[in-house]
Amino acid sequence: MPLSVPSRRAHSLADVNREAYIYFGAGATVAWQMAMPGVGRGVAEHSRTLQRPLDRLRATMAYVYAVTLGTDADRARIAAHVNAAHRPVRGDGYSAFDRDLQLWVAATLYRGALDVHALFAGPVAPADREAMYREAWAFGRTLQVGDEQWPPDVDAFERWWSTQLERLSVDAQVRDYMHAVLDARHAPWYLRPAMPLQRFVTRGLLPPRLRELFGFAWSERDERRWQRFRPWAPRLYWATPRALRHWPSAYYLGQLRKLG
């Protein structure tokens, strides 16, 4: 079982996203997003991630950090950048300004935060779940999603999430794109040694149905490795100095602020 120490449990979404462990959940969150057909087609047909992976990482993490850790000025700045990037993203049956698709993307960022927190610190305490969920609505506000679009509370969100799962599907184009994202050949040389672990954790965090949709193999050996990984990963992570664990959030927020 994952390490569960009450003092390490987050009380807010900011507490979760400040920790560098969120990078372990990045691949799974992207997979959830891509499994919604309109999002998947839009990304596969317009994203420059494979050509410029660091630019995409920088943009995504600046967005996450600005929304949950930044100031109002940071959120306004990142909203302007995201809107500019979204303007050309439209095609047959999708648009980056589709508020329902934006809600799905925002919801995956919230759900992904819960999953990595569960892995590294245990489930979010029930007393904190409602407030943390309301914090996640800020992901939508920096897009075109109104607060009224979100299910009104955590229980309603869980019901909504379950209904969305029935809408998920992955075609060959999206499947190939997702495999390419996790392929070390497209990563900078200094990140390539970490890609096998990233691929493994991505597969481990996804439920069986999503693994099947993306064609991700998962063997009995993988399951045994995952059960060994789950208790050791948090122990190693929490042994890392806080300054290193929180460095990415400070760095990417600083880079965003330099953009003016």
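Every number in this text was worked out from the coordinates using simple rules, so none of it is lab data. Because the structure is predicted, anything quoted here is derived from the model rather than measured. Note that we place each Cβ from the backbone using ideal geometry, even for glycine, and neighbour counts take in every protein chain shown.
Taking the Cβ of R230 as the center, what net charge do the other residues with Cβ under 14 Å away carry, scoring Lys and Arg +1 and Asp and Glu -1? Mind showing how you got there, number by number?
Details: positive: R203, R224, R225, R228, R235; negative: D115, D222, E223.
Net charge around R230: +2.
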Q51 versus S219: modelled label distance in nm, points set 7 Å from Cα along the beta carbon direction: 3.7
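Give the relative contact order (percent, whole number) for the stretch 103-212; include only Cα pairs under 8 Å separated by 6+ residues.
Details: 43 pairs, mean separation 19.4, N = 110.
Result for the stretch 103-212 is 18 percent.
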For V145, net neighbour charge (Lys/Arg +1, Asp/Glu -1) across residues whose Cβ lies under 11 Å away: -2
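Given the Cα-Cα distance of M195 and F97 and 0.36 nm per residue of separation, how much length would full extension add, in nm? Don't jump to the answer; show the numbers that get you there.
Working: separation 98, 0.36 × 98 = 35.28 nm, distance 3.16 nm.
Stretched fully, the M195-F97 segment lengthens by 32.1 nm.
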Taking the stretch 6-258 and dividing mean pair separation by its residue count, relative contact order in percent (alpha carbons under 8 Å, at least six apart): 34
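What whole-number value in cubic angstrom gives the convex hull volume per residue for the C-alpha atoms of the stretch 1-85?
123
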Fraction of alpha-carbon pairs over 34 Å apart in the chain - percent: 12
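What helices in the chain pass both tests, a Cα length along the helix axis of 18 Å or more and a mean Kyte hydropathy of 0.5 or higher, using whole DSSP H runs? Don't skip to the end; give the middle numbers.
On the way: long enough: 53-69 (23 Å, 0.53); 72-86 (21 Å, -0.43); 99-121 (32 Å, 0.57); 126-141 (24 Å, -1.02); 220-238 (28 Å, -2.09); 242-258 (24 Å, -0.91).
Sorted by number, the helices that extend far enough and score high enough are 53-69, 99-121.
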14 Å beta-carbon shell around D72, net charge (K/R +1, D/E -1): +3
Computed helical MRE - 222 nm, the chain, DSSP H runs ≥ 4 contributing -39500 (n - 2.57), nearest 500: -21000 deg cm²/dmol
Overall Cα dimensions of the stretch 42-190, principal axis frame, Å, largest first: 43, 37, 33
Cα-Cα P(r), the stretch 80-144, percent of pairs per 5 Å interval: 3, 16, 21, 20, 14, 11, 9, 5, 1
